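Shown next, in structure tokens, is the structure this report addresses.
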Amino acid sequence: MTLALERTSTPVTVTETVVEHEIPTVACAGLRVPLVTGGDIGYANLDHAASAPCLDKVRDAVDEFLPWYASVHRGAGFASQISTKLYERTRGILRDFVDARSTDSVVFTRNTTDSFNLLARSLPKHTSVVVFDTDHHAALLPWKGPNVRRIQTPRTRLAAVSAVDEALADCPQGPRLVVITGASNVTGELLPVKEIAAVARRHGARIALDAAQLAPHRKISVRKLDVDYIAISGHKLYAPFGAGALIGRADWLRAAQPYLAGGGATKLVTRDSEDLGVVWNSGAERHEAGSPNTVGVYALGVACETLAGNWDAIVAHEDELLARLRRGLAGIPGFAELRLFDAPVDRVGTLSFVVDGFDPGWLAAVLSAEYGIGVRDGAFCAHVATKRLISAAGSTGQQAVRVSLGLGSTTEHVDRLVLALRQIVARGARWQYEKPEGRWVPENDPRELPPFCA
């Protein structure tokens, strides 16, 4: 293919063979966005790690379900019975999606952050927690108390396993939990989950897996990885309707006080004198007080079923795009990719970088306003990781640009990004930008918002 963007004196020709894969389609595939320079262009969605677009199958399923939407549990109406059936059936779908044990509890939450805060509230007293300090804040911050060990992530996978071994050996006697991220949301690199789980078992520890960035890109098996808990989030899994899940061993969850106090979590409430007597549910409902996000849960189940039937095509699609992206970016002057590990490791389609002499926020603003490309800039809710990896890459600052691929990404999007960055580095922007409230924006932006934003 030949792609020449404006201001290119000599078109850049891409001659690589592109293999098309049958992958699930997304609702934003035909989206066009306005440019500050005039006209519009197909949106290049390279920001899947923040929030993935909605699958067409998910959108269609939700549209079909909405007329039947009603309250769940204890409803005599037919619509309520349908809603309850779909809500409860999704527990089994998610259990199958991650190959969990038949006895594992499936608690519906809002997202990964919600799931780990729930788990943190459910830990037995005096539980020791070991977690890498480069993890996403969802996995890094919920744990409290003197027995929390936040260890520095080493530069090799083997050293990471050894670091967990040493940290667990230093923990006091009692319950122990290792929190591990499946795939870094900064670099896309996969952590040695199975190897760390084996070390944890030798110390009698349980393992909680943050699969927010792994689950949309790789088939997961809780049993093969030998982890005890796994957290997933619908807005990463092409089901952006506000639902997630914590899946794992039921005993700690059953023994803990309810995450929220309210209807649905209660089995019986009585009143004697001035006091209330409460008998709480013992199953997953114990931690699902209030009217649940039935639509979001159903959407999450549809998304998981759709992905589960297409893993080979999904992985091949993303691997090819990532290889193309890395080859294209490598030749840009001043480009430096962020990496957790010194040696190459398996990874999903996420990549963060800095370009010497260019503010990451400014770059992202120019890519969006002049080229219709959506990327992420900042520290990605992993401030410790981003700052450390920027320094390791030989640069300064605390922010980077992140490109994250997925089902809404195409070879044209990748090529457009590479060519745009080459042009920006070589010739600068075509528009003037300002930073009035801490973020770069075009001066006198002429683009109009869509009518529903008015």
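A few notes on this one:
- Gyration tensor (alpha-carbon) shape descriptor, the stretch 19-163, a/c threshold 1.5: oblate
- Prolate/oblate/rounded call for the stretch 382-445, Cα gyration tensor, a/c under 1.5 rounded: oblate
- Length-normalised contact order for the chain - Cα pairs under 8 Å, 6+ apart - percent: 22
- Computed from the Kirkwood radius of its Cα pairs, the Stokes-Einstein diffusion coefficient for the stretch 219-281 at 4 °C and 1.567 mPa s stands at 87 µm²/s.
- Under 27 Å from Lys144, Cα to Cα: lysines that are on another chain or at least 8 residues apart: Lys125, Lys194, Lys236, Lys387
- The stretch 23-180: relative contact order as a whole-number percent, Cα under 8 Å and 6+ apart: 14
- With respect to the chain, whose longest principal axis is taken over its alpha-carbon atoms, helix 311-330 is tilted by about 40°.
- Lys/Arg +1, Asp/Glu -1 at C-beta; the chain dipole; positive extreme among Pro154, Leu321, Thr112: Pro154
- Over the chain, dividing the summed -39,500 (n - 2.57) contributions of all DSSP H runs of at least 4 residues by the number of residues returns a 222 nm mean residue ellipticity of -10500 deg cm²/dmol.
- Whole-Hz couplings from phi, Karplus 6.51/-1.76/1.60, listed for the stretch 411-419; x for Gly and Pro: 4, 5, 4, 4, 5, 5, 4, 4, 5
- Column: log10 I(q)/I(0), Debye, Cα scatterers of the stretch 332-454, q = 0.16, 0.21, 0.22 Å⁻¹: -0.86, -1.37, -1.45
- Projecting the Cα atoms of Ala52, Ile180, Gly145 onto the charge dipole of the chain, computed from C-beta unit charges around the Cα centre, puts Gly145 farthest toward the positive end.
- The angle between the Cα long axis of helix 383-392 and the main principal axis of the chain comes to about 40°, on a 0 to 90 degree scale.
- Test item: Cα-centred dipole of the stretch 257-413, Lys/Arg +1 and Asp/Glu -1 on Cβ, debye: 300
- Three-way shape label, the stretch 98-229, alpha-carbon gyration tensor, a/c 1.5: rounded
- P(r) histogram, all alpha-carbon pairs of the chain included - 20 Å bins from 0, percent: 23, 53, 22, 2, 0
- Whole-number percent relative contact order across the stretch 55-95, with pairs defined as alpha carbons under 8 Å at least 6 apart: 27
- 3J(HN,Hα) from dihedral phi, the stretch 35-45, Karplus parametrisation 6.51/-1.76/1.60, rounded to Hz, x for glycine, proline: 10, 5, 7, x, x, 9, 8, x, 5, 9, 7
- Per principal axis, descending, Cα span of the stretch 171-311 in whole Å: 59, 43, 24
- Probing with 1.4 Å while keeping every protein chain in the model, the per residue accessible area of the chain equals 45 Å².
- Helix 112-122 and the longest principal axis of the C-alpha atoms of the chain enclose an angle of approximately 30°.
- For the chain, DSSP calls about 65 percent of its internal beta bridges antiparallel.
- Cross-link reach list, aspartates and glutamates versus Lys57, counting only Cα pairs under 13 Å and skipping chain neighbours closer than eight places: Glu305
- In the stretch 97-209, the portion of solvent-accessible area held by carbon and sulfur atoms comes to 52 percent [1.4 Å probe, whole percent, DNA, RNA and ligands not counted].
The values are calculated or read from the model by the stated rules, or taken from the named source; none is laboratory data. This is a predicted model, so every value here is computed, not measured. Positions of Cβ are backbone-derived with ideal geometry, glycine not excepted, and every protein chain shown enters the neighbour counts. Accessible surface is based on the protein model in full, side chains and every heavy atom, while ligands, DNA and RNA are left aside. Shrake-Rupley method; radii C 1.70, N 1.55, O 1.52, S 1.80 Å.
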